[in-house]
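Comments concern the structure below.
The values are calculated or read from the model by the stated rules, or taken from the named source; none is laboratory data. Here the structure is a predicted model, which means the values were calculated and not measured. Positions of Cβ are generated from backbone atoms using ideal geometry, with glycine treated the same way; all protein chains shown enter the neighbour counts. Note: accessible area is taken over every heavy atom of the protein model, side chains too, but ligands, DNA and RNA are not part of it. Shrake-Rupley method; radii C 1.70, N 1.55, O 1.52, S 1.80 Å.
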Amino acid sequence: MTVASPVYQDILNPFLSIVGRRRLQGVLKVSGAKNSALVLMTASLLIDEVVELTNVPNLTDIAGMGRILSALGVQVEHSVDSVSLNAGTLSSHEPPYELVNSLRASFFCIGSLLGRLGHARVPLPGGCRIGARPVVEHIRGLKALGAHVSVEHGIVTACLKGSSKRLTGASIVLDCPSVGATETLLMAAVLASGTTTIENAAQEPEVQDLANLLIQMGADISGAGGPVIKVRGVERLHGVRNYPVIPDRIEAGTFLIAAAITRSPLRVEPVIPEHLSAVLQKLRDCGCQLEIDQTGISITPGDIQAVDITTQPFPGFPTDLQAPFMALMATAQGTSVISEKIYENRLQHVAELQRMGASIRVDGSTAIVEGVAQLSAAPVTGSDLRAAAAMVLAGLAANGTTKVSGLKHLDRGYDNVEAKLNAVGAQLERQQG
């Protein structure tokens, strides 16, 4: 067997070359929310009519979900910023392992497949290696709705019991407010017989977006966005045209942090401010002025001061912005304490920031960050999606030219990030190793 040499492998690996310490100015455009678009795509499995989504970001994860749905028999048509899905030709209830393994959101297919067909076989998912994200809450909830669920050889099999034609409404209390479990159970419950109540439900905007789409499809849902969601099952749903995906709050937060770390005035739009309340408050606390209007946010950074953050489920500070915010705190005046309470392996970016001169000490799931006067360019790697974003932000602020690898992660969640940043004065270039 021929093995590629390390040199050849490097040639295959793209990286971003980032010239640091450039002042930015202008407007950064925010794409549709990846985490919302992915689950909205799986909702198309509930019906045999067309679901058309707009404001869909051009990301590898979106393309991956399209391939998974196509493998199930769904007709998937992508255009510039929209996707049309028709599951009237649904021919399988088992997405292929080789596709599911790299995309965690693909597991959400189980709720819609089970709700519509009464059976599903879905491999356990993959995704970023940032810690344990078990599907036990999904399984427990599906069992409460009357499904028989088993896990063997890495595949979750779910089916209706006996002669049942539909799932049955139930009262479900989640042990933790899991976004994925809440979304899976929402899709399973909309076609169930009777009323389902989900307590301790996730309150994230992406859950609200899914509920809004399902309601437009004819579902009877109340309470989404709060801790208790009530779903009254209906017998059938219908298609939807031109449903806009919400703006990506994590991309918006990343761009606001880009302004702060480069000490540059920028405008970020479109943004729904309520989706970023905790982040906006921390940006104010650390020395940024924010002007918020109906379409976006204008940010003017001052002298950046250290502030502490603790990641929490929505509406708390999002774990997806912990790494980017740590990059900012590495350049702040004073010492900040950053506590990661969601994923146990989400401090892998610390070592890479240290390579750039950051002064960070880790104690368990907490990082103590002493701000330094200047970061310096170095070759670094993003170990997961948000760590890669943190490396890009650090590169924007560093003295010299930073080489950021790990773009396969970055491209999962940021639509054409170098073009967007270059348009406001940054200097990023994608190159081959």
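Just to verify a number: what accessible area does Cys176 come out at with the full protein assembly present, 1.4 Å probe, Å² rounded to tens?
Roll a 1.4 Å probe over it and Cys176 shows about 60 Å².
With a 1.4 Å probe and every protein chain kept in, tell me what percent of the accessible surface of the chain is carbon plus sulfur.
Roughly 48 percent of what the probe reaches on the chain is carbon or sulfur.
Over the stretch 27-131, what is the relative contact order in percent, taking alpha-carbon pairs closer than 8 angstrom and at least six residues apart?
27 percent
Determine the sum of side-chain charges near Ile198: Lys and Arg each +1, Asp and Glu each -1, restricted to other residues whose C-beta is under 11 angstrom from that of Ile198.
Taking every Cβ under 11 Å from that of Ile198, the sum is -2.
How much accessible area per residue does the stretch 90-221 have, counting only protein heavy atoms and a probe of 1.4 Å, in square angstrom?
That works out to 38 Å² per residue.
Quick one: work out the % antiparallel among DSSP beta bridges in the chain, nearest 5.
Once the DSSP bridges in the chain are tallied, antiparallel ones form about 75 percent.
Got a number for the accessible area of Met391? Probe 1.4 Å, square angstrom, nearest 10.
Its heavy atoms expose roughly 0 Å² to the probe.
For the stretch 211-346, what is one quarter of the convex hull surface built on the Cα atoms, given in nm²?
The Cα convex hull of the stretch 211-346, projected and averaged over all directions, gives 10.0 nm².
Need one value: the accessible area of Tyr343 in square angstrom, 1.4 angstrom probe, rounded to the nearest 10.
50 Å²
Among the GluC sites (Glu not before Pro) in the stretch 307-357, which ones are in a DSSP loop with at most 15 other Cβ atoms within 10 Å of the Cβ? Mind listing them?
Glu344
How tilted is helix 179-189 with respect to the longest principal axis of the chain? Cα atoms for both, answer in degrees (0 to 90, nearest 10).
On a 0 to 90 degree scale, this one is about 20.
Distance between Cα centroids, the stretch 302-373 to the stretch 376-433: provide it in whole Å.
Between the Cα centre of the stretch 302-373 and that of the stretch 376-433, the gap is 18 Å.
Checking the cross-link filter: which lysines have an alpha carbon closer than 29 Å to that of Lys165, excluding same-chain neighbours under 8 positions apart?
Reachable lysines: Lys143, Lys230.
What number results when the radius of gyration of the chain, computed over Cα atoms, is divided by 2.2 N^0.38 Å?
0.99
Please report the antiparallel percentage of DSSP beta bridges with both residues in the stretch 81-228, rounded to the nearest 5.
Antiparallel bridges: around 70 percent, rounded to the nearest 5.
Just from its helices, what would the mean residue ellipticity at 222 nm be for the chain, if runs of 4 or more DSSP H residues each count -39500 (n - 2.57) and the sum is divided by every residue, rounded to the nearest 500 deg cm²/dmol?
That comes out to -8500 deg cm²/dmol.
Dipole of the stretch 234-353 (Lys/Arg Cβ +1, Asp/Glu Cβ -1, origin at the Cα centre): which of Ser277, Asn345, Leu237 lies farthest to the positive side?
Final value for the positive-end residue is Leu237.
If you count the DSSP beta bridges with both ends in the stretch 184-260, what percent of them are antiparallel, to the nearest 5?
Approximately 90 percent, going by the DSSP bridge assignments.
Using only Cα atoms, find the angle between the long axis of helix 249-261 and the longest principal axis of the chain, and express it within 0 to 90 degrees, rounded to the nearest 10.
The angle comes out at about 0 degrees.
Can you give me the relative contact order of the chain as a percent, contacts being Cα pairs under 8 Å and 6 or more apart?
Dividing the mean separation by the residue count of the chain yields 20 percent.
What FRET efficiency do you get for Val19 and Asp308 if R0 is 45 Å and r is their Cβ-Cβ distance, rounded to the nearest 0.05?
0.90
Roughly how many debye, to the nearest 20, is the charge dipole of the chain about its Cα centre, given +1 on each Lys and Arg Cβ, -1 on each Asp and Glu Cβ, and no other charges?
300 debye
Could you point to the residue in Gln25, Ala378, Ser79 farthest towards the positive end of the chain's charge dipole, with +1 and -1 charges on the Cβ of Lys/Arg and Asp/Glu respectively?
The listed residue farthest towards the positive side: Ala378.
Keeping every protein chain present and rolling a 1.4 Å probe, give me the accessible area per residue for the stretch 336-433 in Å².
Accessible surface, normalised per residue, equals 39 Å².
Magnitude of the Cβ-charge dipole of the stretch 116-262, K/R +1 and D/E -1, about the Cα centre, nearest 20 debye?
580 debye
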